[in-house]
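The values are calculated or read from the model by the stated rules, or taken from the named source; none is laboratory data. The shown structure was predicted, so the numbers you read here are calculated from the model rather than taken from an experiment. Here Cβ is always computed from backbone atoms with ideal geometry, including for glycine, and neighbour counts include all displayed protein chains.
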Amino acid sequence: MGELIVVRHGQTEWSLSGRHAGRTDVALTDVGEAAARALAPRLAQRRLVAVFSSPLSRAMRTAELAGLANVKPDPDLVEWDYGGYEGLTAEQIQGTRPGWDLWRDGVIPGDAARPGEQLQQVAARTDAVLDRIRPLLDQGDVAVVAHGHLARVITVRWLGLDASAARLLGHPHPGSLSFLATEHGQPVISAWNVP
């Protein structure tokens, strides 16, 4: 059985400053583009039978620079809709909501373009992605190019855990790889946050 390779998009100005970039289409920095290119040799060693990406440009550009071919945009791979917290850092949010934690407290509604999503809505999207990917893994590896919080939710749902368990995983660095596999018929994380 193949592995599910989760690629976090390269660095953006917002990821560098810690701003929540859900649906805002932020471009890669030069450092982010270099990190995406650096993934190409490692990904070229894999037998990829399918590649899916968030349709946002930071993910699609990462896929392109990493040398991934036949990339299929998948709207279910878009980052968490942070609603009224879009563009804010955790410190800014905690300034008005002391002790706030994304995994426990969620987000507040935003405008019509960014109404906000609750964790279980994000989990439902990742479950749909996993349902489409699992049958493909019989043929080889599958790569998904996505975002930090979404990658954490995909991972814990792969493991069969509640989406709130994603708080236990470290945030994947921009331009990193994580590998999800099975061992003795059980889902496992075979590597996490590999540069």
Is one or more of the residues making up the range 52-61 modelled with pLDDT of 95 or more and touching a Phe, Trp or Tyr at 6+ places or on another chain (Cβ under 6 Å)? no
Scan of the range 65-88 for residues that are in contact with a Ser or Thr (Cβ under 9 Å, 6 or more places away or on another chain) and either farther than 16 Å from ALA21 by Cβ or part of a helix (DSSP H, G or I) (or both), ordered by number: LEU68, VAL71, LYS72, PRO73, ASP74, PRO75, ASP76, LEU77
Just need a number here: residues in the range 90-107 that are assigned to a helix (DSSP H, G or I) and within 22 Å of LEU168 (Cβ to Cβ). 8
Could you tell me whether VAL145 is surrounded by 17 or more Cβ atoms within 10 Å (Cβ to Cβ), hydrophobic (A, V, I, L, M, F, W, C), under 14 Å from GLY22 (Cα atoms) and at pLDDT 95 or above? no
If you check ALA143, ALA35, ALA123, ALA128, which single one turns out to be touching a strand residue (DSSP E or B) at 6+ places or on another chain (Cβ under 7 Å) and either within 22 Å of LEU169 (Cβ to Cβ) or assigned to a strand (DSSP E or B) (or both)? ALA143
What are the residues in the range 163-195 that are among the aliphatic types (A, V, I, L, M) and farther than 22 Å from VAL122 by Cα, if any? ALA191, VAL194
Scan THR29, THR89, THR96, THR12 and give me the residue that is in contact (Cβ under 8 Å) with a residue 40 or more places away in the chain, among the β-branched types (Val, Ile, Thr) and surrounded by fewer than 19 Cβ atoms within 10 Å (Cβ to Cβ). THR89
The condition of being closer than 29 Å to ALA90 by Cα and in a helix (DSSP H, G or I) holds, among ARG19, ARG61, only for ARG61
Only one of LEU168, LEU150, LEU136 is at pLDDT 95 or above and more than 30 Å from ALA44 (Cβ to Cβ). Can you tell me which? LEU168
Of the residues that sit in the range 166-190 and are under 15 Å from the mean Cα position of the chain (by Cα) and either in a helix (DSSP H, G or I) or of a type in the set (Gly, Ala, Ser) (or both), which one is nearest to ALA59 (Cα to Cα)? GLY175
